[in-house]
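Inspection log for the structure reproduced underneath, given as structure tokens.
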């Protein structure tokens, strides 16, 4: 399986369970890997035959900002569903990083993998 990826997408959003977190925005860092057969696109040279990273980035950003989720797990699951259902992914890996959420830790977050 071929992999189309998008790394280090920074999204400003409301995220968290604590009352103070619901009043501010924070930066989430999103990485996605999309399992997709790129052979048709390679032969045709047509964007319609592949996954547009630009469209993926726009859709993920919009979803995360609108969700105002309590948990990263909720967002990761939603992003995975978008990739599988809207972008024809056969498989995906979603990594969400809430950098700075734990004092002393460089990165914290969640990684999920989903299959069609």
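All conditions but one from (1) more than 13 Å from residue 94 (Cα to Cα); (2) under 20 Å from the mean Cα position of the chain (by Cα) apply to residue 22; the one that does not is (2).
Just give me the residues in the range 9-68 being part of a loop (DSSP other than H, G, I, E, B) and in contact (Cβ under 8 Å) with a residue 24 or more places away in the chain, in sequence order. Give the steps one after another, and end with the answer.
Taking the range 9-68 as the starting set, the residues that turn out to be part of a loop (DSSP other than H, G, I, E, B) are 14-18, 24-25, 36-38, 45-46, 50-52, 68.
Matches in the range 9-68: 14, 15, 16, 17, 36, 37, 38, 50, 51, 68.
Filtered by the rule that a residue be in contact with a strand residue (DSSP E or B) (Cβ under 9 Å, 6 or more places away or on another chain) and loosely packed, with under 15 Cβ neighbours inside 10 Å, the range 7-37 gives 7, 8, 10, 12, 25, 27. Annotation: of all residues in the range 41-59 being over 13 Å from the mean Cα position of the chain (by Cα) and surrounded by 12 or more Cβ atoms within 10 Å (Cβ to Cβ), the one that is farthest from residue 85 (Cα to Cα) is 41. Put simply, of 55, 66 the only residue that is modelled with pLDDT of 95 or more and under 26 Å from residue 1 (Cβ atoms) is 55. Within the range 69-82, the residues that satisfy the criterion of being out of contact with any helix residue (DSSP H, G or I) (no Cβ under 8 Å at 6 or more places or on another chain) and touching a residue at least 40 places away in the same chain (Cβ under 8 Å) are 70, 71, 72.
The values are calculated or read from the model by the stated rules, or taken from the named source; none is laboratory data. Since we're looking at a predicted model, the values are computed, not measured. No Cβ is skipped: glycine too gets one built from the backbone with ideal geometry, and neighbour counts run over all protein chains shown.
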